[in-house]
Amino acid sequence: MITRIVTENGNKMFEIDGKLFAPAAFFSFRPTPANVSLFYRNGVRLFQLRVSGLKNTWNMNYSNYGGVWVGDHTYDFAALDRQMEMFMKFAPDGYFMLVLQLDMPEWWRAENNCEFDSYVRLCEASLEEKWISDACDYLQAIIRYAEEKYGDRIFMYGMTAGQSNEWFDHMKYSHVISDRRAADYRQKIGEPDAVIPSKEEFRSKALPSLREDDDPVYKFRKYSCGLVPDLILRFARSAQEVLDHKKLIGLFYGYATSTASWQNRCSINGFEKVWASNDIDMLFAPAAYSCRRLQDASSFQNNVDSVAVNNKLYVHEIDHHTYLSKYPSENGQIMDCIYDDEPTTIAVLRREFCALASKGGCLYWFDMQGGWYASPGLEAEIQHEMHIFEELCQHPRQSVSEIAAFVDPMSYNRMKDCSMVSDCGQSNRNSLHHCGAPYDLFNLNDITKIDLGRYKMLVFLNAIEMSDEVKKTIAQKAKNITKVWLYAPNKATGGIAEVCPIGLQELDTAAEKVQYGERIFGFGDPVAPMYAVDDKDAEILAHYTNGMPACARKGKDVYIAVGNVPSELWRDLAREAGVHIYTDIPGAFYADSRFVARQTVWETDITIHMPFDCVVEEMFDGGTYKTENKDLKYTAERGKTKLFLIREIID
């Protein structure tokens with residue numbers, strides 16, 4: 001059986017042995033006849049199962065079926081057989097993703113006198129040649145076995161290792177660097193006497209807030225960010241030696257909008273090398289954790305639109321703690337961040353559905369501990385969403401975003417472990433979702449690969465480092481496009497003035513906030529240096545609370561001196577740039593060429609300003625609507641998510 005990802009009318013689909021499937025799948029750490037059959041009878045045909053003999057961060061087994069790698073080049077495939085037997089029985093026409101955990105088994109660490117665990121110290125493990133070689137042998141052995149016995153049912157293989165099975169290194173939790181890793185670092189950077197930073201230096205918030213080229217922490221982080229990508233690519237090449245690209249390969253990797261404690265301490269900023277590899281087909285990521293409340297707007301952990309630019313399928317893991325997760329799991333643990341009731345759970349699930357659908361990715365329900373969807377209402381919702389998703393996949397799709405936002409993951413290495421990391425990335429990603437217009441989110445380096453002509457506003461959220469190729473592309477192809485620069489673009493690679501023509505003055509203060517209308521915003525921690533606008537030809541748009549200019553426009557360039565920008569400012573800048581604004585009130589809004597979707601947050605009487613008159617069908621609750629003077633008006637309860645499929649455009 002050969003599987004691949006194909007594009008039909010702009011929609012990504014799985015082609016499995018010549019048959020097309022809408023990209024929607026189920027996964028659970030506790031797959032049982034109950035939840036497998038629940039999702040199967042409600043239309044899901046793609047299922048993930050995990051092979052692991054190790055425990056997760058909650059000290060619970062990743063899989064109750066157990067592992068396969070049981071000794072030195074010794075494999076007991078009974079655990080896989082038992083799990084496959086259950087899945088095939090309760091999902092008889094299903095196809096399966098086989099996800100393999102490659103971390104060091106406990107017996108391996110004992111036999112090899114290994115003092116560290118790859119699950120916790122993945123960067124250290126990336127230098128352990130025997131583990132890598134043995135893990136590659138295991139990976140090939142289980143793929144060969146699975147292909148021989150279940151090859152007509154498995155369409156994808158996943159690879160996991162490191163903290164949370166997401167290829168994280170340990171540095172979020174501790175600071176342990178072995179002599180071997182220190183020696184490797186010094187050898188690779190060509191400095192025999194290079195200093196290894198202390199734990200306090202790694203976690204310092206001391207001013208100034210940006211690290212220079214010779215900063216020991218910056219150099220060590222940059223080095224560390226290259227270790228795990230090389231490890232992943234070695235495993236991927238090993239898998240492809242068996243599969244020869246006849247089956248798909250995927251993994252969780254490449255988040256770029258997290259907090260400092262995750263973004264910089266887990267050594268994940270070098271993921272672009274993996275994204276560019278032809279040996280990888282799918283990139284998984286959980287839905288953004290920082291915006292899951294009813295009043296939020298669903299978002300993404302990674303720079304989602306760059307996934308497609310790199311010829312990959314984005315898989316959106318909906319691992320939300322439904323209202324049924326409040327009951328104790330097998331070890332007595334009770335989940336936090338749960339929803340109070342079923343209506344709230346459904347409202348948020350629908351919002352996640354709309355966010356994912358607008359990006360043309362794979363819908364991926366994660367019934368984490370099992371039983372989180374075990375109610376008649378949630379079961380009906382799964383069936384309903386499957387029907388809508390399959391309907392959407394029949395309609396031609398393309399992005400309608402006129403805003404493109406760019407995040408540079410390696411620029412995070414320049415930032416000290418303060419709020420600047422999230423104030424530039426995560427917070428702005430969230431507030432942009434409330435500005436009333438859809439936007440695309442890319443890795444900065446991918447600006448050279450995309451058609452900038454379809455955008456009216458480009459937003460550079462954290463471009464501390466900019467390559468010459470990126471700067472050349474912007475200069476040549478974005479002359480007539482509004483460009484919004486945050487804080488210190490190009491500060492480390494040529495200076496702010498090289499890319500932003502608005503004159504700036506460096507300030508002594510490190511704690512100023514900015515006022516825009518009634519909103520006061522800025523960095524959560526003290527940041528230095530700070531900048532004020534000092535340009536007589538610039539139009540001042542906002543001031544620091546001490547009266548100094550902090551935001552200005554000059555020609556097609558806009559400068560904002562701080563992060564954590566409110567949606568009101570994003571909306572006004574977008575409108576001035578000629579972007580079509582669909583709604584003037586904050587709240588979750590998503591759109592592509594097929595539909596518009598809105599969640600009511602504060603208001604109940606809703607108006608969506610469409611670009612054209614049209615007839616639409618509301619897919620969740622039913623009903624046909626017709627615009628008047630291009631306005632789509634409806635009434636809904638607070639929290640309700642509505643998805644309007646465009647059935648007819650009226651000339």
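Points to keep in mind about this one:
- Every pair of residues 6+ apart whose Cβ atoms lie under 8 Å, when the first sits in the stretch 190-209 and is of a type in the set (Phe, Trp, Tyr) while the second is outside any loop (DSSP other than H, G, I, E, B) and surrounded by 14 or more Cβ atoms within 10 Å (Cβ to Cβ): 202/171; 202/217
- Qualifying residue in the stretch 120-128 (condition: surrounded by 15 or more Cβ atoms within 10 Å (Cβ to Cβ), in contact (Cβ under 8 Å) with a residue 60 or more places away in the chain and assigned to a loop (DSSP other than H, G, I, E, B)): yes
- Residue count, the stretch 574-628 (criterion: under 19 Å from residue 403 (Cβ atoms) and either aliphatic (A, V, I, L, M) or not in a loop (DSSP other than H, G, I, E, B) (or both)): 18
- Considering the conditions (1) part of a loop (DSSP other than H, G, I, E, B); (2) touching a strand residue (DSSP E or B) at 6+ places or on another chain (Cβ under 8 Å), residue 152 is excluded by exactly one of them, (2).
- Considered as a group, the residues in the stretch 559-596 that are at pLDDT 95 or above and among the acidic types (Asp, Glu) include one that is farthest from residue 506 (Cα to Cα), and that residue is 592.
- Of the listed requirements (1) buried (at least 21 other Cβ atoms within 10 Å of the Cβ); (2) more than 26 Å from residue 419 (Cα to Cα); (3) touching a residue at least 60 places away in the same chain (Cβ under 8 Å), residue 464 misses just one: (2).
- Residue among 168, 220, 155, 202 that is surrounded by 21 or more Cβ atoms within 10 Å (Cβ to Cβ) and over 23 Å from residue 279 (Cβ atoms): 220
- Residues in the stretch 419-470 that are out of contact with any helix residue (DSSP H, G or I) (no Cβ under 6 Å at 6 or more places or on another chain), closer than 11 Å to residue 565 by Cα and assigned to a helix (DSSP H, G or I): 423, 424, 427, 428, 429.
- Looking across the stretch 349-399 at every residue that is among the aliphatic types (A, V, I, L, M) and not in a helix (DSSP H, G or I), the one that is nearest to residue 321 (Cα to Cα) is identified as 368.
- Qualifying residue in the stretch 106-116 (condition: surrounded by 15 or more Cβ atoms within 10 Å (Cβ to Cβ) and without any contact (Cβ under 8 Å) to a residue 24 or more places away in the chain): yes
- Inspection of the stretch 559-570 finds a residue satisfying the criterion of being outside the structural domain of residue 632 (by TED's automatic domain parsing), part of a helix (DSSP H, G or I), of a type in the set (A, V, I, L, M, F, W, C) and buried (at least 21 other Cβ atoms within 10 Å of the Cβ).
- Among the residues of the stretch 599-626, those identified as farther than 24 Å from residue 295 by Cα and surrounded by fewer than 18 Cβ atoms within 10 Å (Cβ to Cβ) are 611, 612, 613, 615, 617, 623, 624, 625, 626.
- Considering the conditions (1) surrounded by fewer than 21 Cβ atoms within 10 Å (Cβ to Cβ); (2) within 21 Å of residue 357 (Cβ to Cβ); (3) within 26 Å of the chain's Cα centre (by Cα), residue 647 is excluded by exactly one of them, (3).
- Number of the exception - residue 556 against (1) closer than 30 Å to residue 510 by Cα; (2) not assigned by TED's automatic domain parsing to the domain that holds residue 520: (2)
- Close pairs (8 angstrom Cβ cut-off, 6 or more residues apart or separate chains): assigned by TED's automatic domain parsing to the domain that holds residue 368 in the stretch 63-75, surrounded by 15 or more Cβ atoms within 10 Å (Cβ to Cβ) and of a type in the set (Val, Ile, Thr) anywhere: 63/51; 65/51; 67/51; 68/51; 68/142; 69/142; 75/68; 75/142
- Some residue of the stretch 259-282 being closer than 30 Å to residue 583 by Cβ and of a type in the set (Phe, Trp, Tyr): no
The values are calculated or read from the model by the stated rules, or taken from the named source; none is laboratory data. Keep in mind the model is a prediction, meaning the values are calculated, not measured. Neighbour counts are summed over all protein chains in view; Cβ atoms, including those assigned to glycine, are modelled from backbone coordinates with ideal geometry.
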